[in-house]
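Worksheet: the structure to be examined is printed underneath.
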Amino acid sequence: MSLSPFLSPPLTLRGVTFDPPLFLAPMAEISHSAFRRLVADFGGAGGLFTEMLSAKMLLNEEMHRSPWTKRRACEGRVIYQLLVVDTKKLPEILEHLAPLAPDGLDLNSSCPAPTIRAMGGGADLFESPERMCGILRVLRAQFAGPLTVKIRLGIETDGWRARLGERLRMLRGEGVDGLTLHPRFAGDKLKREPRHELYAELAAEAQLPLIANGDILDPHYIHSRAAAFAPAAGLMLGRIAAARPWVFAQWRDPALVVDHAAVWQRFCDYVEEDFVAERALGRVKVFTAYFSCNFMFGHNFRMSVQSAPTIAAARERAANFFATGPALTRHINLCGL
Ligand SMILES: Cc1cc2nc3c(=O)[nH]c(=O)nc-3n(C[C@H](O)[C@H](O)[C@H](O)COP(=O)(O)O)c2cc1C
């Protein structure tokens, strides 16, 4: 394995090449157009997933304007992740999405959030193979590009392994091109160790390219588990990218140095450009919760931005914090994020 693993070979799905095979994870309230633009400024990712987009809500969006859907040329390859619970209006929804020319569509079958599961999406869809199958058939029939599915291990009850095997075979049978696996159970949320050691047997069973996800921080994380990650065709990074939008660039260039204050301010600029004022402040607060982990005393920074009544106030508080020359943490701990 090279010093920086997963810079090659690229991953090609249905004729679309993702180079390098490093992906920004779909993250609700984070992976919007402004954040993807920031990640793209640094470069280094071969594909950026949108946050999960409620398929039904898409019909109400102005696709080229909405921060949930619009894409900029600088982003490179964008994969739209869909939260779908049934096939009603799905062809119409996909037609509405088509002008954005997605580089891939991804079906969310992993989200463990109770509200999403209650509506029949995410991890609940994974437990309903017939419904999932029906949705995949429509997606496959209507979309000619790469179709991927993001899953966890399912629900940790007797027979989980057999159920998972059935789902993997079903995905292949329905023409899915690739799979992102976050190897935790639905009930684990982001706790417990991800079971990266399962990639070999699950990739063999699925016979699909597998994108590995869960707690990946940097090349050292992969090197220290080289055998487990060897069967993966790509990697997906989530929370570490929210904390360090330059993580993909740093993957290639570990010596990369960034100006943290400038990055935070640029994020605010981008958010204000893409979001209406009522929404923009919330996005800045969510981002700051992750970004503040770069600092030894980031807690104070986070709290001062959390309580800011306006973006202008958040900017002023951030400027005061950055003016103190805050010390950086060497290692980011994803626990609790
Ligand atoms: C704030 C937040 C929002 C998330 N939203 C989504 C989502 O919209 N769709 C999805 O498939 N996973 C979502 N996830 C899960 C991530 O995509 C990823 O699987 C998880 O964070 C583990 O990867 P990481 O350890 O690199 O963060 C979310 C995670 C976080 C922390």
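The values are calculated or read from the model by the stated rules, or taken from the named source; none is laboratory data. Keep in mind that this is a model prediction, so the values were computed, not measured. Quick reminder, even Gly has a Cβ in these numbers, built from the backbone with ideal geometry, and neighbours come from all protein chains shown.
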query: Out of the residues in region 180-216 that are among the aliphatic types (A, V, I, L, M) and more than 25 Å from Ala243 (Cα to Cα), which is farthest from the chain's Cα centre (by Cα)?
result: Ala204
field: Residue list for region 33-54, filter: out of contact with any Gly (no Cβ under 9 Å at 6 or more places or on another chain) and in a helix (DSSP H, G or I)
entry: Ser33, Ala34, Phe35, Arg36, Arg37, Leu38, Val39, Asp41, Phe42
- prompt: Which residues, taken from region 1-32, are out of contact with any Pro (no Cβ under 6 Å at 6 or more places or on another chain), among the aliphatic types (A, V, I, L, M), at pLDDT 95 or above and part of a loop (DSSP other than H, G, I, E, B)?
  reply: Ala25, Met27, Ala28, Ile30
task: For region 323-334, state whether one or more residues are in a helix (DSSP H, G or I) and buried (at least 18 other Cβ atoms within 10 Å of the Cβ).
output: no
query: Do you know which residues across region 301-337 are under 26 Å from the mean Cα position of the chain (by Cα), in the same structural domain as Arg279 (by TED's automatic domain parsing) and either of a type in the set (Asp, Glu) or within 16 Å of the ligand (Cβ to nearest atom) (or both)?
result: Arg302, Gln306
query: Do you know which of the residues in region 69-79 that are surrounded by fewer than 19 Cβ atoms within 10 Å (Cβ to Cβ) and hydrophobic (A, V, I, L, M, F, W, C) is nearest to Cys268 (Cα to Cα)?
result: Cys74
query: Is it true that Arg137 is more than 15 Å from the ligand (Cβ to nearest atom), under 30 Å from Ala101 (Cβ atoms), out of contact with any Gly (no Cβ under 6 Å at 6 or more places or on another chain) and not hydrophobic (A, V, I, L, M, F, W, C)?
result: yes
task: Tell me which of these Lys189 doesn't satisfy, since it passes every other one: (1) at pLDDT 95 or above; (2) within 30 Å of Ala318 (Cβ to Cβ); (3) surrounded by fewer than 20 Cβ atoms within 10 Å (Cβ to Cβ).
output: (1)
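Rundown of residues vs (1) surrounded by fewer than 19 Cβ atoms within 10 Å (Cβ to Cβ); (2) away from the ligand (no atom under 16 Å from the Cβ); (3) under 19 Å from the mean Cα position of the chain (by Cα), yes/no style:
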site: Leu59; (1), (2), (3): yes, yes, no
site: Ser66; (1), (2), (3): yes, no, yes
site: Gln81; (1), (2), (3): no, no, yes
site: Gly121; (1), (2), (3): no, no, yes
site: Phe126; (1), (2), (3): no, no, yes
task: Consider Ala255 carefully, then state whether it is within 30 Å of Leu210 (Cα to Cα) and without any contact (Cβ under 8 Å) to a residue 12 or more places away in the chain.
output: yes
statement: Considering region 211-223, residues that are over 18 Å from Arg192 (Cβ atoms) and surrounded by fewer than 22 Cβ atoms within 10 Å (Cβ to Cβ), and then whichever is nearest to the ligand (Cβ to nearest atom), we arrive at Asp218
